[in-house]
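Novice: Sharing a structure here in structure tokens format.
The values are calculated or read from the model by the stated rules, or taken from the named source; none is laboratory data. Every value quoted in this text rests on a predicted model; they were computed, and no experiment measured them. Cβ sites come from the backbone with ideal geometry, for glycine too, and all protein chains shown count toward neighbours.
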Amino acid sequence: MSDEGYEARTVRPYAVTGGRVRARSDLPLEALIEAQPATRPTGGLPPEKRSILQYASEDYISVAELSALLHLPIGVTRIIVSDLADGDYIRIISGSDNGASSNGGEPGLSLSVLESVLNGISAL
């Protein structure tokens with residue numbers, strides 16, 4: 001493998017995350033992401049963030065699935081997802097919410113949704 005290929009793989013995640021190595025909160029791999037209704041233009045967002053919004057607008061998608069689809073390390077994906085949540089572009093639903101979502105008192109995950117996520121992760 002050439003040194004240029006190695007540099008591209010190590011520099012890109014650093015550039016995508018702005019040099020950060022940790023998300024503001026440690027998102028579980030099975031946390032589900034849902035796009036918020038479009039309230040702002042997304043044209044100025046980097047391609048990774050636009051891709052996450054596209055996947056999340058179609059259906060619930062887990063952090064692990066996003067990592068695999070984007071071919072990014074899980075840590076990088078967590079940071080990008082945290083940034084999108086902070087910008088109110090997405091909603092994060094975590095199984096640790098004890099039946100409540102991350103944006104208030106709406107119902108949380110059902111068993112069938114969790115089973116679907118696990119099946120999707122297993123298929124990867």
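Novice: So which residues in region 38-55 are under 24 Å from S112 (Cα atoms) and either among the aromatic types (F, W, Y) or outside any helix (DSSP H, G or I) (or both), if there are any at all?
Specialist: Matches in region 38-55: Y55 only.
Novice: Would you be able to tell me the number of residues in region 32-55 that are in contact with a strand residue (DSSP E or B) (Cβ under 8 Å, 6 or more places away or on another chain) and modelled with pLDDT under 90?
Specialist: Adding up the residues that qualify gives 1.
Novice: Could you pull out every one of the helices (runs of 4 or more DSSP H) wholly within region 56-124 that has 3 or more residues that are surrounded by fewer than 21 Cβ atoms within 10 Å (Cβ to Cβ) and modelled with pLDDT under 90?
Specialist: Hits in region 56-124: 74-86, 111-123.
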